[in-house]
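S.K.: Take a look at the following structure, please.
What follows is calculated from the coordinates using simple rules that are stated; it is not laboratory data. In this text, all values refer to a predicted model and were calculated from it rather than measured experimentally. With ideal geometry, Cβ positions are generated from the backbone for all residues, glycine too; neighbour counts draw on all protein chains shown.
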Amino acid sequence: MGAVLRHHLERIDIGVEDLDELMGIEQAAYSHPWSRGNFIDSISAGHLLWGLREPLSGELLAYCVLQRVLDEAHLLNITVARAHWGRGLASELLRALHEHQRRSGARQMWLEVRVSNARAQLLYEHLGYREVGRRKGYYPALQGEREDARVMRLDLEPLP
């Protein structure tokens, strides 16, 4: 069972049993969504997969995938169901991830974000992430073209 967060949502560990619901959110959110196999591979690899679930309805509202290597954490995916955009769920999920990673000894969090995704970039910058580089042609785009990614990093303050 997961923790109850600020919005009175339950934080859960995502498992294979959650993938049907998760895939509906993923496919509605992106022009080039992750495949079911990508999520299964992440579960098999031991990546951290968290979700936010509404306790009364049981609806999955948001989820994330995080890869940990030594003292660095890499955010691979974070998605909020479109019907719940603007509620601060991504921010809440990221803050919980930051705290969890600090407690487990991570010193930095890394992510890539599409250069066209201004909304996500504003959120990351607000939380303290800074651009440290670019990846040319990192993301697939429409009509077979590619889109650059901003590489962003957050230095996690060690706990006293």
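S.K.: Name the residues in the stretch 47-83 that are within 15 Å of His98 (Cβ to Cβ) and part of a loop (DSSP other than H, G, I, E, B), would you?
M.R.: Asp71
S.K.: Tell me yes or no: at least one residue of the stretch 113-121 is surrounded by 14 or more Cβ atoms within 10 Å (Cβ to Cβ), among the small types (Gly, Ala, Ser) and farther than 30 Å from Glu59 by Cβ.
M.R.: To start, the set of residues in the stretch 113-121 that are surrounded by 14 or more Cβ atoms within 10 Å (Cβ to Cβ) comprises 113-115, 117, 120-121.
Narrowing further to those that are among the small types (Gly, Ala, Ser): 120.
Going one step further and asking which of them are farther than 30 Å from Glu59 by Cβ, we end up with none.
So far as the stretch 113-121 goes, no, none of its residues is surrounded by 14 or more Cβ atoms within 10 Å (Cβ to Cβ), among the small types (Gly, Ala, Ser) and farther than 30 Å from Glu59 by Cβ.
S.K.: Still on this model: Limited to the stretch 139-154, what total is found for residues that are assigned to a strand (DSSP E or B) and out of contact with any Lys or Arg (no Cβ under 7 Å at 6 or more places or on another chain)? Walk me through it before giving the result.
M.R.: So the first thing to find is which residues in the stretch 139-154 are assigned to a strand (DSSP E or B), and the list is 139-140, 146-154.
Narrowing further to those that are out of contact with any Lys or Arg (no Cβ under 7 Å at 6 or more places or on another chain): 146, 154.
Residues meeting the conditions: 2.
S.K.: Can you tell me which residue within the stretch 65-79, out of those that are within 19 Å of Glu125 (Cα to Cα) and over 9 Å from the mean Cα position of the chain (by Cα), is surrounded by the most Cβ atoms within 10 Å (Cβ to Cβ)?
M.R.: My answer is Ala73.
S.K.: Examine the stretch 25-41 for a residue that is in contact with a Gly (Cβ under 8 Å, 6 or more places away or on another chain) and touching a residue at least 24 places away in the same chain (Cβ under 8 Å), and state whether such a residue exists. Let's see the steps before the verdict.
M.R.: If we filter the stretch 25-41 for residues that are in contact with a Gly (Cβ under 8 Å, 6 or more places away or on another chain), which is where we start, we get none.
The answer is no, given that none of the residues of the stretch 25-41 is in contact with a Gly (Cβ under 8 Å, 6 or more places away or on another chain) and touching a residue at least 24 places away in the same chain (Cβ under 8 Å).
One line per residue, one yes/no per condition, for (1) more than 14 Å from the chain's Cα centre (by Cα); (2) surrounded by 16 or more Cβ atoms within 10 Å (Cβ to Cβ):
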residue: Leu49; (1), (2): no, yes
residue: Ser91; (1), (2): no, no
residue: Ala106; (1), (2): yes, yes
residue: His126; (1), (2): yes, no
residue: Leu142; (1), (2): yes, no
residue: Glu157; (1), (2): yes, no
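S.K.: If I filter the stretch 54-64 for residues that are in contact (Cβ under 8 Å) with a residue 12 or more places away in the chain, among the small types (Gly, Ala, Ser) and surrounded by 14 or more Cβ atoms within 10 Å (Cβ to Cβ), do I get at least one hit?
M.R.: Yes, that holds for at least one residue.
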